[in-house]
Amino acid sequence: MAEPETAPKPQMALPEHPIRSNVIYQMFDRLWRPALGWVACPMAVLYATVLAPATGHPLSDGYLIQVLTFSGAIYGLKTFEKTKGVA
């Protein structure tokens with residue numbers, strides 16, 4: 001008979017600390033990457049592609065490549081974690 005699947009266990013137990021029960025800590029712990037994905041990356045792309053050229057100060061291509069690479073890395077990491085069942 002097959003054993004039921006269980007959640008993956010962390011390699012190292014995290015120490016108990018009172019800060020972990022703080023609501024602000026829990027929100028930051030859960031929301032740091034979504035905040036990057038939904039706020040910081042789109043704002044950076046918007047600035048680099050629309051706002052900077054509209055104001056007459058276009059950015060160099062190197063800056064745009066950095067922004068797009070960072071965005072791709074964040075979304076790629078999330079996709080990788082979803083395929084592994086971690087996220």
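No value in this document is a laboratory result; all are computed from the given coordinates. Since we're looking at a predicted model, the values are computed, not measured.
Given 0.36 nm per residue, what is the gain on full extension from Glu81 to Asp61 after removing their alpha carbon distance, in nm? Could the numbers behind the result be given before it?
Values: separation 20, 0.36 × 20 = 7.20 nm, distance 3.01 nm.
Roughly 4.2 nm would be gained on extension.
By its C-alpha gyration tensor, with a ≥ b ≥ c as the square roots of the eigenvalues, how is the stretch 32-84 shaped: rounded for a/c under 1.5, else prolate for a/b larger than b/c, else oblate? Don't jump to the answer; show the numbers that get you there.
On the way: a/c = 4.45, a/b = 2.28, b/c = 1.95.
Because a/c hits 1.5 or more and a/b exceeds b/c, the stretch 32-84 counts as prolate.
For the stretch 59-76, in order, what is each residue's ³J(HN,Hα) by Karplus, 6.51 cos²θ - 1.76 cosθ + 1.60 with θ = phi - 60°, in whole Hz (x at glycine and Pro)?
Once θ is set to phi - 60°, the couplings for the stretch 59-76 become 8, 6, 5, x, 5, 5, 5, 4, 5, 5, 5, 4, 4, x, 5, 5, 5, x Hz.
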